[in-house]
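Notes follow the structure.
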Amino acid sequence: MKIVKPDPTQRESAVGELYFGAPIDYRYLVTRPDSGALDVCLVDFEPGGRNRVHTHVYDQILFVTAGRGIVADRNGEHIVEPGDTIIIPAGESHWYGATPADRFSRLCIERHINEITIVEE
């Protein structure tokens with residue numbers, strides 16, 4: 001067993017090809033060598049910040065930790081709140097981010113393979 005204590009100084013900001021609207025802050029809580037198969041990442045979106053429509057080659061699990069967010073797929077946009085769990089099957093086009101008026105934080109659990117394909121919007 002290993003207990004990982006989060007280090008709030010290890011946060012990074014991202015903008016660019018995958019994220020837009022507003023910068024995001026993120027930190028990996030679990031990566032290699034802590035886990036041989038999974039990454040766990042905490043991502044904080046500023047109001048209006050989101051990512052582009054994309055797919056993964058693996059299932060992705062999101063757990064909402066704070067704020068109000070939007071998760072969208074081919075069936076439309078869905079409001080999510082703390083405690084909600086989102087399961088995104090491999091290959092499903094989706095995006096998520098903060099509502100225009102709220103911050104949004106989520107944990108992401110996914111395989112080490114970080115293969116993301118951005119879908120043209």
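Taken together, the values in this text are just the output of simple stated rules run on the coordinates, not laboratory data. What you are looking at is a predicted structure, and each value in this text was computed from that prediction instead of being measured. Virtual Cβ from ideal backbone geometry, glycine too; neighbours counted across all protein chains shown.
Of note:
- When peptides 37-43, 80-86, 50-56 are ranked by their average number of other Cβ atoms within 10 Å per residue, the highest-first order is 50-56, 37-43, 80-86.
- Sparse-neighbourhood loop sites, trypsin sites (Lys or Arg not before Pro) in segment 65-113 - DSSP loop, at most 13 other Cβ within 10 angstrom: Arg74
- Annotation: extensible slack from Asp25 through Glu46 equals 6.7 nm (criterion: 0.36 nm per residue apart, minus Cα-Cα distance).
- Only Lys, Arg (+1) and Asp, Glu (-1) charged, at Cβ; the chain dipole about Cα centre in debye: 340
- Quick note on the chain: its Rg to Rh ratio, both from C-alpha atoms and Rh being the Kirkwood radius, is 0.95.
- Across the chain, C-alpha contacts under 8 Å between residues 6 or more apart give a mean separation that, scaled by the residue count, equals a relative contact order of 29 percent.
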